[in-house]
Amino acid sequence: MSLEKVFQDIKYSFDSLWQTKQRGNSLEIITPYGTTNNQFVSVFVTMQGSEFIITDGGWINGGVYDNVTQNEEASFLKILYHFQSSLGIKEIVSADGTTYYYLKATNSIDIPLRVFDLASFIQNIVSVSEISFESKAEKETKARFISKANEFLKSFIQADKIKLNCFLNPEKKELKFNALYYNSPTNLKLINYITGSSLSYFANSIFKANTLYEMADDTVYKEYVSDKVSLIDTTASGYIPEKIAHYLSHLENHTGSKMVNWSEKEKLQTILN
Amino acid sequence: MNKITYNFIYLTFLGQVNNWLNMTSKKHSVIRDNFDFYNKLLEERKSVFSEVIGICKTGNNANTLEKIEPVKHPSISDEMILIVDVKINNHNFFQFKLRYQTFFDEPFFRFDSDGVTHHNKIDGIPLHLQAVKPPHFHRFNADGLEIAYQTEKLLNETEKKALEDINLCIAYFFQESNTRLNQNEFPVIKILPGTLGFSFITEDPNQNVTFP
């Protein structure tokens, strides 16, 4: 077989992978872009007024690619934001809470480029979501403490007064806290959980809390925040008091955060009232 | 040549998909190293005990309703489960999964009514024939590679349309996976029992979303 024939065969095979499926007013385009978990990427093209919209159909957020959907790992988020900003991918949360990633084209000549970029975005994000950046021990430590702390807060706080794992500004999806406590609509308390399976993870968790509080102070929400509360996991293997004391005191002095050890968690009932 | 390949792609799992070799993708050694046991999980008669499977709560994903049912398998003493997932806003988009976590974390056999086109990365088959659109079944082959396949029923447009009905489809899934209720019966699925039974079918995923 001549190499030119090989090329023709490659071109034919790639070309044959493109498929479509009509879905109401949208056209699903199955592309030749593949993920590392062996799925072909689909994009959905529809019209909105005179504009063409190319979306992921909410499939990344819906876990349709068998991908992890609630990935909060810092390394994953860095990669997500990198691809999002490099390719100019927009996002919107629908009324049912699903995040859609999309691009627009006002001129039909630009549609192929938008499909090229969005398919590349989906391919990368789904594939990267398969990578576990943190150790199993760290993931388990975090998940266990979040679960314990959430249950404790829910045990004495009315459901309509607390939001768990929530953005300070939901529209911009900025600054996510473990919990937001609403004393009234104009008086809220920021709550951060601090934990880690090793000294380094524990220290990073303190630094993250520090940054989140600092950044919250730079927003319009500052005047509504009456307290910042850090709940410290004294049961975690990364909690080594003599090694982290200066980080914790910096957090307390620098941000004005109230520090509550898990071993004295009942103090939260006094702070949150 | 193409015809032979095509038949390979769409054989049911009781056929010879097990013999596919030379894969170039992610392989699960626990399945590859215990492939006889894996086949036993699939082929031996399994039982469920609920005549009605009512699906009313969301699972790990907020946009998916999920129900988990215990499954009895004659060769194992601990828990095997059947998971039925239905998208909240599109009841025609559902999955049936059989999982035996002691052996393997992910479902070992599953059906997708809709969703993503799967890539069976198998040497010796033309690239474009490696793409398998839903509806399709998923299983693992002798190399521990997850593969999707369609049966003759799923390739027949009329039968495929009929299998959009979740109750006809669960019976078909049970036949394909050798699972039954009692001697030779199938359970009935009720989505959001106790409600008016309004069926949400949103074929267009972009419907009702405004893109600023």
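The values are calculated or read from the model by the stated rules, or taken from the named source; none is laboratory data. Please read these numbers as outputs of a predicted model, since none were measured by experiment. Every residue, glycine among them, receives a Cβ derived from its backbone with ideal geometry; neighbour counts consider all protein chains shown. Keep in mind that these areas ignore ligands, DNA and RNA; they rest on the heavy atoms of the full protein, side chains included. Shrake-Rupley method; radii C 1.70, N 1.55, O 1.52, S 1.80 Å.
The single residue among B:Val86, B:Val116 that is touching a Leu at 6+ places or on another chain (Cβ under 6 Å), over 17 Å from B:Thr179 (Cα atoms) and among the aliphatic types (A, V, I, L, M) turns out to be B:Val86.
Would you pick out the residues in segment A:174-185 that are open to solvent by 40 Å² or more (accessible area, probe 1.4 Å) and either without any contact (Cβ under 8 Å) to a residue 60 or more places away in the chain or more than 19 Å from the chain's Cα centre (by Cα) (or both)?
A:Glu174, A:Tyr182, A:Asn183, A:Ser184, A:Pro185
Selection of segment A:118-166 for residues being acidic (Asp, Glu) and open to solvent by 60 Å² or more (accessible area, probe 1.4 Å) yields A:Glu130, A:Glu140, A:Glu151, A:Asp160. Among the residues of segment A:26-58, which ones are without any contact (Cβ under 8 Å) to a residue 24 or more places away in the chain, part of a loop (DSSP other than H, G, I, E, B) and more than 7 Å from chain B (Cβ to nearest Cβ)? Within segment A:26-58, just A:Gly49 meets the criteria.
On the stretch given as segment A:94-141, residues that are within 11 Å of chain B (Cβ to nearest Cβ), closer than 25 Å to A:Phe167 by Cα, in contact (Cβ under 8 Å) with a residue 40 or more places away in the chain and not in a helix (DSSP H, G or I) total 7. Look at (1) out of contact with any Ser or Thr (no Cβ under 7 Å at 6 or more places or on another chain); (2) modelled with pLDDT under 95; (3) exposed (fewer than 15 other Cβ atoms within 10 Å of the Cβ); (4) not β-branched (Val, Ile, Thr) and you find that B:Trp20 fails only one, number (3). One residue stands out among those in segment A:30-45 that are open to solvent by 20 Å² or more (accessible area, probe 1.4 Å) and in contact with a Ser or Thr (Cβ under 7 Å, 6 or more places away or on another chain): the one that is nearest to A:Arg114 (Cα to Cα), which is A:Val45. Only residues that are closer than 21 Å to A:Val64 by Cα, under 16 Å from the mean Cα position of the chain (by Cα) and either within 14 Å of chain A (Cβ to nearest Cβ) or of a type in the set (D, E, K, R) (or both) were counted in segment B:163-212, giving 2. The set of residues in segment B:150-161 being hydroxyl-bearing (Ser, Thr, Tyr) and open to solvent by 60 Å² or more (accessible area, probe 1.4 Å) consists of B:Thr158 alone.
Checking each residue in segment A:137-164 for being among the acidic types (Asp, Glu) and over 19 Å from A:Ile194 (Cβ atoms) picks out only A:Asp160.
Among the residues in segment A:143-154, are any over 18 Å from A:Val43 (Cβ atoms), assigned to a strand (DSSP E or B) and more than 14 Å from chain B (Cβ to nearest Cβ)? No, because not a single residue in segment A:143-154 is over 18 Å from A:Val43 (Cβ atoms), assigned to a strand (DSSP E or B) and more than 14 Å from chain B (Cβ to nearest Cβ).
Table: residues versus (1) buried (at least 17 other Cβ atoms within 10 Å of the Cβ); (2) more than 22 Å from B:His73 (Cβ to Cβ); (3) modelled with pLDDT under 95; (4) not aliphatic (A, V, I, L, M).
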{"position": "B:Tyr172", "(1), (2), (3), (4)": "yes, no, no, yes"}
{"position": "B:Ser177", "(1), (2), (3), (4)": "yes, no, no, yes"}
{"position": "B:Leu192", "(1), (2), (3), (4)": "yes, yes, yes, no"}
{"position": "B:Ile201", "(1), (2), (3), (4)": "no, yes, yes, no"}
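A:Ser16 falls short of the stated requirement of being of a type outside the set (Phe, Trp, Tyr), open to solvent by less than 20 Å² (accessible area, probe 1.4 Å), facing chain B (nearest Cβ under 7 Å) and not in a loop (DSSP other than H, G, I, E, B). Annotation note: Cβ proximity below 8 Å between a residue of segment A:62-73 that is part of a loop (DSSP other than H, G, I, E, B) and a residue that is of a type in the set (Phe, Trp, Tyr) (sequence gap 6+ or interchain) occurs for A:Tyr65/A:Trp59; A:Glu73/A:Phe133.
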